[in-house]
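The values are calculated or read from the model by the stated rules, or taken from the named source; none is laboratory data. Just so we're clear, the structure is a prediction, and the values are computed from it rather than from any experiment. Here the Cβ positions follow ideal geometry from the backbone for every residue, glycine too, while neighbour counts run over all protein chains shown.
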């Protein structure tokens, strides 16, 4: 059986997390930016305005790209942990938004999970 060093295991784990996060943020950002009516229906009465949703969606799409491309290409790889940090900030703001609206905590859980995973990638790649 092939032994894998701890550093290689961590690299693989971070790549898996980066891929999952990029997929999640890419899909969520796409819906906010390009399918506002669907997003608004899903978000309910307290959905942000179309312009704010577009801004958040584009930030999420840019973050999703930033999680993969810089590290994969080796071109300014520091942008990957920066993107993960920025996405963590977006998610903590999302948690705060749900708490401010007094939504059930279950509405804030996805943002909280994405926040934690983004922090793990940011710390792991810095």
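Just to be sure before I move on: is residue 81 over 16 Å from residue 115 (Cα atoms) and crowded, with 19+ Cβ neighbours inside 10 Å in the structure I sent? When the stated conditions are applied, residue 81 does not pass them. Residue pairs whose Cβ atoms lie under 8 Å apart, separated by 6 or more positions or on different chains, with the first residue in region 40-60 and without any contact (Cβ under 8 Å) to a residue 40 or more places away in the chain and the second part of a loop (DSSP other than H, G, I, E, B), are 40/47; 53/47; 56/48.
Residues checked against (1) buried (at least 16 other Cβ atoms within 10 Å of the Cβ); (2) farther than 23 Å from residue 9 by Cα; (3) touching a residue at least 60 places away in the same chain (Cβ under 8 Å):
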site	(1), (2), (3)
91	yes, yes, no
94	yes, yes, no
98	yes, yes, no
106	no, yes, no
109	no, yes, no
115	yes, no, no
122	yes, no, no
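Within region 18-39, the residues that satisfy the criterion of being in contact (Cβ under 8 Å) with a residue 60 or more places away in the chain and surrounded by 17 or more Cβ atoms within 10 Å (Cβ to Cβ) are 18, 21, 24, 25. Here residue 15 passes the criteria (1) surrounded by fewer than 18 Cβ atoms within 10 Å (Cβ to Cβ); (2) over 18 Å from residue 111 (Cβ atoms); (3) touching a residue at least 60 places away in the same chain (Cβ under 8 Å) except the one numbered (3). One residue stands out among those in region 54-71 that are over 19 Å from residue 35 (Cα atoms) and surrounded by fewer than 17 Cβ atoms within 10 Å (Cβ to Cβ): the one that is farthest from the chain's Cα centre (by Cα), which is 69. Restricted to region 1-115, the set of helices (runs of 4 or more DSSP H) holding at least 3 residues that are modelled with pLDDT under 95 and in contact with a strand residue (DSSP E or B) (Cβ under 9 Å, 6 or more places away or on another chain) is empty.
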